[in-house]
1. What's the ranking of 142-148, 152-158 by average number of surrounding C-beta atoms within 10 Å, highest first?
2. I'd like the FRET efficiency for R160 and V99, computed as 1/(1 + (r/R0)^6) with the beta carbon distance as r and R0 of 30 Å, rounded to 0.05.
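Here, each number is a calculation from the coordinates, and none is a lab measurement. Since the model is a prediction, treat every value here as computed from it, not as a measurement. Quick reminder, even Gly has a Cβ in these numbers, built from the backbone with ideal geometry, and neighbours come from all protein chains shown.
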Amino acid sequence: MQLEVDKGGVVHVDRGKVTKPVELNLELSNFETVSKAEFYRYLAILQCIVIQETDKKRMVYEFFFGRLTKVLRIYLSGANKVRAYNVSVILTLLYTLGVLRLTQTKLDALDRKVRTIMTHHRLHHPKSVGYERCGGRGLLSAKSMHYQRVCSLRTYFETRREIAIHGDVIV
């Protein structure tokens, strides 16, 4: 019987810091130690000890704008394209809002770029009536979604202060 453990690796982390590996004497396999900068995949998602924000942001932006252009190229009516944006495109950004740090200016620039791409695909006219403060065309704003996500996470951790780790997150 053979075990397929060629892809195995060992990382020793103590309180968030990589420590010196302990010698393991396993007869069946030879695990390599994973360095601090190496990536590994867990459930098809790239993982790393240190979150490399610039690479992650670039990957998220590429995926976000790629999905946006795919939605805009589909032959749907304007209202259905807006619904498709709200359902599938903005969710790719929402999954990362608690992990990646995005400033308000970056979120404003992201919203602005979404509107310019929609103008390029003839879905959104910049001078048409439909002010954003009155609801606009139904597009979800990345800035408002970020604010809602941060508020919901804050209330989640504040209501569960009795658990020690939740109290540490708030501080």
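1. Working: 142-148: 16.4, 152-158: 12.1.
Those peptides, ordered most packed to least, come out 142-148, 152-158.
2. Working: r = 20 Å, r/R0 = 0.65.
That gives a FRET efficiency of 0.95.
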